[in-house]
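Undergrad: Have a look at the structure that comes next, please.
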Amino acid sequence: MSLDLQTIQSGGIEPRRLPAIRWRDPHSVPPETLRGYIAELEQACAANPESADLRTCLGMAHAMNYDVYKSMDALEDAIRADNRHFFARLKYGELLYRIRALPWAERETVQALDLADNAWELALARKQLQTIREQWRHGTQKPEWTGSLTRPTLALLALFLISSLVVLWSH
């Protein structure tokens, strides 16, 4: 694998530089090769700590390796390095969507939508936002715990106590 940077034009405003790596399908890259990519990207990130592009690629590689926490950390580092990085925001929103943290996924994707430089980026962000909002309508998001668990816990303890007393009296 080569981490030679390739220039990718983004609407004529400023070229983006991303390593040439196959990212679409986790099954298209063998696990050993993926571990090699991750090791090389970690070294590149250590050598270029302010590179949001490299940190975004590292986050994507960790996501392909099914390592959500490391992926989240790398994408958050990319956003800290460059708060206006379209792909860092988009991929972070996608990761949050995949773990069904829909309120946060929507927020990050809307921010990515605001950062889109060209029609292609705009279409990517809109499609992702549409998918997130469909999930909202179908009710597949994780519930937010807003209430106390004291009452259910006391009810469970009372049932346990009653069933224990019934068992003791029956003997």
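Undergrad: Hey, if we sort Ser71, Ser148, Ser28 by accessible area with the 1.4 Å probe, largest down, what's the order?
TA: Ser148, Ser28, Ser71
Undergrad: Using Cα pairs under 8 angstrom and six or more residues apart, how large is the relative contact order of the range 60-130, in percent?
TA: Answer for the range 60-130 is 23 percent.
Undergrad: At q = 0.19 Å⁻¹, what log₁₀ I(q)/I(0) does the range 19-171 have when each alpha carbon counts as one equal point scatterer in the Debye sum?
TA: -1.15
Undergrad: Val166: accessible area at probe 1.4 Å, nearest 10 Å²?
TA: Probe radius 1.4 Å; accessible area of Val166 about 90 Å².
Undergrad: If you rank Met64, Met72 by how much accessible surface each has, with a 1.4 Å probe, what is the order from largest down?
TA: Descending accessible area places them as Met72, Met64.
Undergrad: Taking only protein heavy atoms and a 1.4 Å probe, what accessible area per residue, in Å², does the range 83-165 have with all protein chains in place?
TA: It amounts to 67 Å² per residue over the range 83-165.
Undergrad: Taking just the alpha carbons, could you work out the radius of gyration and Dmax for the range 96-171, both in angstroms?
TA: 23.0, 77
The values are calculated or read from the model by the stated rules, or taken from the named source; none is laboratory data. Quick caveat, the model's predicted, so the values are computed rather than measured. The area values use the complete protein model at the heavy-atom level, side chains included, leaving out ligands, DNA and RNA. Shrake-Rupley method; radii C 1.70, N 1.55, O 1.52, S 1.80 Å.
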